[in-house]
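**Student:** Let me give you the structure first, and then I'll get to my questions.
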Amino acid sequence: MTTADLQTARITTATGLPAPGQAGASTAAPVITGIGVIAPTGLSTEAHWSAVLAGRSAIGRISRFDPTPYPVRLAGQVPGFAAKEQVPSRLIRQTDHWTHMGLAAAEAAIQDAEANPAELPEYELAVVTSSSSGGTEFGQHEMENLYQHNPEWVGAYQSIAWFYAATTGQVSIRHGLRGPCGVICCEQAGGLDAVGQARRLIRTGSRLVVTGGTDASLCPYGLTAQLSAGKLSTVQDPARAYAPFDEHAAGYLPGEGGAMLIVESAESAAARGAGQGYGRVLGYAAGFDPAPGSERPPALRRTIAEALADAGVEPSAVDVVFADALGVPAADLAEAEALAQVFGPRGVPVTAPKTLTGRLYGGGAPLDVATALLALRDQVIPHTTGTAAPAPGIEIDLVLGEPRHQELTTALVLARGHGGFTAALVLGRAD
Amino acid sequence: MSRRAVITGIGVVAPGGIGREPFWDMLTAGRTATRRITLFDPTAFRSQVAAEADFDPAAAGLSPRQIRRMDRAAQFAVVSAREAVADSGLDLANTPPERIGVSIGSAVGCTMGLEEEYVLLSDAGRHWLVDHSYGVPHLYGYMVPSTLAVEVAWEVGAEGPTALISTGCTSGLDSIGHGAQLIEEGAADVVVTGATDAPLSPITSACFDAIKATSPNNDDPEHASRPFDQDRDGFVLAEGAAVLVMEEKTAAEARGAHVYGELVGFAGRSNAFHMTGLKANGREMAEAIKVALDRARLAPASVDYINAHGSGTKQNDRHETAAFKRSLGSHAHKVPVSSIKSMVGHSLGAIGSIEVAACALALDRQVVPPTANLRTSDPECDLDYVPLTAREHRMDVVLSVGSGFGGFQSAMLLARSGAVEYGGDRR
């Protein structure tokens, strides 16, 4: 990819000027001042990070139900998550497992940012989460109640637990966040779109946005639905089942959990003494693949170029790419080709720590963003486990075997969602 | 000159009217489309009333393959998108696909498909370990609501930013607000945007029964949706979709497109109070209205019509009336307010977009749709709700609001083309 290519790429930057009457509107790159992780790899940011650096996989046999009848019995489950300790008991009953984890992660992120919402202007505090499948387990229970009995057996909380906005609403209420609320559903890509939307909100008057997401569809009906798409790996060896870019790649494994992030205007963070936090959101772009049967190329290469142009960085300035890494050979090849077109063959280190957790859908990209920020902080690229070596024709510098210590200034995070959603986010190290 | 978004195409699938013109005829006639539920046997339910769309997917032009693959909500969205694109006169085949964006809202996604498949795979709820071997290939597409945006993107050939927005009952306003933002920031030149919901199934009815939110007026379904009336007793569940084509203003004007209206202001706020309860004072909705006016640089007195959320629950209609007074002051008593939910019911996330479509048509035709079934106003709802009969009215600026579970409040302002001057760049 040449500089001329970059210049012709469409720049998706907003005009950036503050709207009238909005003192908080900001034009500088937003900063990420808080991270809350509830993931298969750990119940805290540092537990997750040490598992990632150690290459400690959280893939195991599904225990939330008996997976014996199903061809996929492995998943990334969150071990030892005790909702009772992290979520008010009243909310446990009213919400799905997905929202329990979202509430816990949001609280951890707010604490990590050392932000006290009560001391900040209530209408400048926003929430935007990504959600892919809603409260599936809760919904399965209530449908069972309905069909095994009658409508009176369906509980009052079905109306607020199953729908995709449950987590955003509960986070807003719990923390008194009265600004714009949003929910973006773009399957696995939605987490990057949520961060992109958080940046839009900061440009139009919000100062602090709780964003990110969690998902949890590890119930029988949720797994059955995931199986129908035909992309889950039926390999029974947990160490090899999800091996993106490998010549034996056979699909992916599902997981649950995710991460919440505090995205804040640079001015607001500075005023609170939070500095640049973990890093800055430098660029974002989204695109969509052509309809099936089209001869047109997938959206990924163009979307990467647009995100880099938006960030104002050259491809050569990108130090690491956190790949989408679906684990389906054709999709892996398409991603590798897009990366080779933008960065040159093996032109940039690429990694996919998500093999440790499985794909977390709405929670996947936020966890990748968290991991990328920690990589920038500690100047180390975590390695990819599961994959032995890139398959022939996969021309990427996949970081394998052990973490790679090197200077890191800029990271690119990629995500693709079922059906063609494509998003790219550029992160910069805190100065 | 900053980039601005205008509406150039409208497509609607609504109860009582499939297509934009039948929909508008129905609204202006003040006819109601609420009836006893026919899509399933409602006998066991507290509320047995709904506003159903008389929708035949084959007659609406969908192929057998599309009909098999798509949940009813997706069918509504695709048919509406097709009508909107045709109405816009845009030649999408000659528009760069990466400059076409999609923003679709839905509160509950593909609920019907999910529930039907669940019943099959669980043998009517008998097995927690549902039988995956009979799962249809598109079952995953039902579980992820993003499918609704995928189907619209495929239909119109979009390769630009594409998203499904799911903020419950404000989804339909929020998706259009998001779509306009894509145009304003330059991420797209054309956005196909709207919302769809097809929630008329036993599980949805059961969950609203459980919280007594829906009307139990089973003896008189045609008059069950009674926003602002003292005898109102809950909302009437509905289904439907509306999809708009929005374009960058100067491009639309350059090609001589018919412009229904311009999106001049949008804002969302949240009450952080309760998932389903509302504070009586309407404070956060009022704030959303004020910010939308501020962004449009308009004074409260410039609002010529308010399309209310008007769901017909006791608390909503009072909350909303308070919000209008709080945000518009004495002007609230002068401006006509109406709720089309009195006629087409409350289709959850879809209704916000259906109401924006109604607002665009109201601006275009200078007619305010009425609030049907409003015989005696609640004494606490003391504004001009345009009872029973549509009204010719001069309108330059209209306001549409939405309120939903989660405490979300959204407000959107549309202006008639050329009616509002900004004095240069809107900042």
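Laboratory data are not the source of any read-out in this text; all were calculated from the coordinates shown. Here the structure is a predicted model, which means the values were calculated and not measured.
**Student:** For each pair in A:Lys231/A:Lys354; B:Lys314/B:Lys341; B:Lys290/B:Lys341; B:Lys290/B:Lys325; B:Lys212/B:Lys279; B:Lys279/B:Lys314, compute the distance between the two Cα atoms and list the pairs where it is over 22 Å.
**Tutor:** B:Lys290/B:Lys341
**Student:** Here is a further query. Quick one: 3J(HN,Hα) in Hz for segment B:253-266, Karplus 6.51/-1.76/1.60 with θ = phi - 60°, rounded, Gly and Pro as x.
**Tutor:** My calculation for segment B:253-266 gives 5, 5, 8, x, 5, 6, 9, 6, x, 10, 7, 9, x, 8 Hz in order.
**Student:** Using the Karplus curve 6.51 cos²θ - 1.76 cosθ + 1.60 with θ = phi - 60°, work out ³J(HN,Hα) for each residue of segment A:111-124 in order, rounded to whole Hz, and write x for Gly and Pro.
**Tutor:** 5, 4, 6, 6, 9, 10, x, 5, 9, 10, x, 4, 7, 9
**Student:** Also: Can you list residues from other chains, or at least 5 along the same chain, whose modelled amide H is less than 5 Å from the amide H of A:Ile396?
**Tutor:** Long-range HN contacts for A:Ile396: A:Arg346.
**Student:** Taking N as the number of residues in segment A:31-271, what value does Rg over Cα atoms divided by 2.2 N^0.38 Å take?
**Tutor:** Output field value: 1.04.
**Student:** While we're looking at this one, here's another question. Out of all DSSP beta bridges in the protein assembly as shown, what portion is antiparallel? Express it as a percent rounded to 5.
**Tutor:** Restricted to the protein assembly as shown, the bridges split so that about 65 percent are antiparallel.
**Student:** Then there's this: Note down the relative contact order for chain B as a percent, whole number, built from C-alpha pairs under 8 angstrom at least six residues apart.
**Tutor:** Value for chain B: 24 percent.
**Student:** Compute the whole-percent fraction of alpha carbon pairs in segment B:5-254 spaced more than 33 Å apart.
**Tutor:** 22
**Student:** OK, next. Just the C-alpha atoms of chain B: what Rg/Rh do they give, with Rh taken as the Kirkwood radius?
**Tutor:** Over the Cα atoms of chain B, Rg/Rh equals 0.96.
**Student:** Continuing with this model, one more query. Restricting to Cα pairs below 8 Å that are 6+ residues apart, what does the relative contact order work out to for segment A:108-219? Please round to a whole percent.
**Tutor:** Worked out over segment A:108-219, it gives 44 percent.
**Student:** Turning to a different aspect of this structure: When a/c reaches 1.5 or more, the comparison of a/b and b/c decides; with that in mind, is segment B:265-414 rounded, prolate or oblate per its Cα gyration tensor?
**Tutor:** It comes out rounded by the Cα gyration axes.
**Student:** Determine the distance separating the Cα centre of segment A:359-405 from the Cα centre of segment B:122-177; give it in Å without decimals.
**Tutor:** Between the Cα centre of segment A:359-405 and that of segment B:122-177, the gap is 29 Å.
**Student:** Only Cα pairs within less than 10 Å get springs; with that Gaussian network setup on chain A, which residue of A:Thr357, A:Thr129, A:Thr27 has the largest fluctuation?
**Tutor:** With Cα springs under 10 Å in chain A, the top fluctuation among A:Thr357, A:Thr129, A:Thr27 is at A:Thr27.
**Student:** Once phi is turned into θ = phi - 60°, what whole-Hz ³J(HN,Hα) does the Karplus curve with 6.51, -1.76 and 1.60 give for every residue of segment A:245-250, x standing for Gly and Pro?
**Tutor:** 6, 7, 5, 9, 3, 9
**Student:** Which residue fluctuates most in the GNM of chain B (Cα springs below 10 Å): B:His223, B:His127, B:His178?
**Tutor:** B:His127
**Student:** Next question, about the same structure. What number, in percent, do you get for the relative contact order of chain A if the mean sequence gap of Cα pairs under 8 Å and at least 6 apart is divided by its residue count?
**Tutor:** This gives 23 percent for chain A.
**Student:** Going by Cα centres, segment A:183-199 and segment B:318-333 are how many Å apart?
**Tutor:** That distance is 34 Å.
**Student:** With viscosity set to 1.002 mPa s and temperature to 20 °C, compute the Stokes-Einstein D of the protein assembly as shown, Rh being the Kirkwood radius across alpha carbon pairs; µm²/s, no decimals.
**Tutor:** Calculated translational D: 81 µm²/s.
**Student:** Also, quick follow-up: Pick out which of B:Ala77, B:Ala299, B:Ala33 has the largest mean-square fluctuation in a Gaussian network model of chain B, springs linking Cα atoms closer than 10 Å.
**Tutor:** B:Ala299
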